[in-house]
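The values are calculated or read from the model by the stated rules, or taken from the named source; none is laboratory data. Predicted model, so just to flag it, every value in this text is computed and none were measured. A quick note on method: Cβ atoms are made from the backbone with ideal geometry, for glycine too, and the neighbour counts reach across all protein chains shown.
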Amino acid sequence: MITSSEIKTLCAQAPDFDDIACGLNATKKAPKGMVAETRKVVAIARKFKQEVMQPYTLELDRRMQQDPEHLPWEFVQKANQWGFYSMWIPKSFGGQGYNIPSLSYFLEETASECLALANLIGVHYLAITSIFSTWNIGVISRLCGFVREGEKNNKPCLLSTAITEPNAGTDVEECELVDKGNITCIATKVSGGYVINGTKVFISNGHVSQWHIVIAYADARKPSENVVILAVQNGTRGFSFGRKEHKMGVKGCPASELIFKECFVPDDLVLADPEQHRKAKRAAKETGARFLDYTLAASRAGVSAFGTGAARGAYESALAFALKTEVDGKLLVNHEWAQSMLAEMYKNAALARLSYAEANHANGMYGLFSLLQIKPLYYYFKYLPMAIVDKWIVPFMRLPVATWLFQKLYLDGKKPEAFRRIAGWGSLAKFTGTDAGVKNCHMAVELMGQAGLRQDHKVEKMLRDAKLLQIYEGTNQLNRLNLFKCIAAGQHPQVKVFEYE
């Protein structure tokens, strides 16, 4: 028999145990109420999919084919009426306070019908994640207040995240690469704020958002040490929209160009800048990397859920086709080769789901929403009346002391292993889920033959949509390298990743 002391010794010799057991550790600590809450979220998603999405999916795709400049305001309005833009904002910031991991299950469910429509909801939360990664509580509370107000007034207030530049795409997704990229979006410090000059491209939801979380740089010579994160509202002088990309897939979700020419942003809309970085315990570059790690670790789990939804949607479409189509005198589904293909497709979707679930476990233990999954706090906010939240919690969140407290907890208080773990699992989930989506869409078209190329069967649209997932939130090639850097190479200091002459 093995003794307790031997267990401790052997576990100490295998420091990667926590990397491979996030789910095991998280399950015993997570509030049980999250399970029932997630079931409710999935039920809501299915009802919304049946009543709103299914009658609209192909109609929107055809409309976009005819008029690429069309914006799906009617869908955004519907999503706002259902409360989806505040559903996963914490109660302490005026939102409905549903647990953050349940968002991934919601995105899978809606993406199984249409990735473009799922994006019109999910991409808003990339921006929410971006602002929370700064822990500038005063500005976060203000922006979340606009979202809630837009929901109450039936005037949707969406947020977008503007990071990609014309000549710097994947480069800006990694701190080790950004200094080698061609950075041109510069935020210059002036009295009372910053002035932004430059262009952002491929910004999902840009044209339907009212606020844009802009990641700019105070010095293009060393951008990794000079990250500036600002909130820019539509109508701000010096800010304008450029073109909408005419895409092959995900047509219903606009990919926008944002143009900044002498655009002034006051200090009270600056979420993070080099001056704040210098106050942190870590070096400026490391603090900037923490913002990226927090944001991408959470958002890449969401992208994985998009991919899982595509994988599941393709499987369900192929199965439905096989159940009603005869080949050589018997149903296609009764052919052994078809059963093997469908089993493979089911496996792809199931493993993709497990990957984003594990990434969410890592985030729940070590990442952006770890505080919200502590049992006493989870139940406290779950049952706390909104009247008390509005009267006491929200005003506190707007005090400078709240920002100081949360930045100490989340930026200075987290160990490097925590960031490595959440970033690695986020990348693993991202390329696993999105590759599974593309694979299953290919298989569905193959199984269905010519019928798979018809728009009314949806799988050709699913394939066009899913392909895009492999390149945003960092290409899948970059995410493989990031996984290796964070997890596989983490115990071997002689291994160098993202280093080249």
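Some observations on this one:
Yes/no matrix, rows are residues, columns are (1) hydroxyl-bearing (S, T, Y); (2) within 30 Å of F369 (Cα to Cα); (3) out of contact with any Lys or Arg (no Cβ under 7 Å at 6 or more places or on another chain):
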| site | (1), (2), (3) |
| --- | --- |
| P416 | no, yes, yes |
| S427 | yes, yes, no |
| T432 | yes, yes, yes |
| M443 | no, no, yes |
| D456 | no, no, yes |
| Y472 | yes, yes, yes |
| L481 | no, yes, yes |
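- Qualifying residues in region 216-228 (those that are of a type in the set (A, V, I, L, M), free of Cβ contacts under 8 Å to residues at least 60 places away in the same chain and buried (at least 24 other Cβ atoms within 10 Å of the Cβ)) - the one farthest from V139 (Cα to Cα): A216
- Taking each residue of region 438-449 that is free of Cβ contacts under 8 Å to residues at least 24 places away in the same chain and looking for partners that are buried (at least 24 other Cβ atoms within 10 Å of the Cβ) and not small (G, A, S) with beta-carbon atoms closer than 7 Å, six or more apart or interchain, yields V445/V459.
- Matching residues, region 86-118, being within 14 Å of V41 (Cβ to Cβ), over 13 Å from the mean Cα position of the chain (by Cα) and among the charged types (D, E, K, R): E109
- Verdict on K467 being over 28 Å from A272 (Cβ atoms) and charged (D, E, K, R): yes
- Residue in region 344-351 that is exposed (fewer than 13 other Cβ atoms within 10 Å of the Cβ) and either of a type in the set (A, V, I, L, M, F, W, C) or farther than 30 Å from F291 by Cβ (or both) present: no
- Annotation note: Cβ proximity below 7 Å between a residue of region 54-83 that is under 22 Å from S112 (Cβ atoms) and modelled with pLDDT of 95 or more and a residue that is surrounded by 15 or more Cβ atoms within 10 Å (Cβ to Cβ) and polar (S, T, N, Q) (sequence gap 6+ or interchain) occurs for G83/Q96.
- Filter result for the condition that a residue is among the polar types (S, T, N, Q) and more than 27 Å from Y315 (Cβ to Cβ), over N482, N476, N440: N482
- Matching residues in region 139-175 - criterion: being small (G, A, S) and out of contact with any Gly (no Cβ under 9 Å at 6 or more places or on another chain): G150
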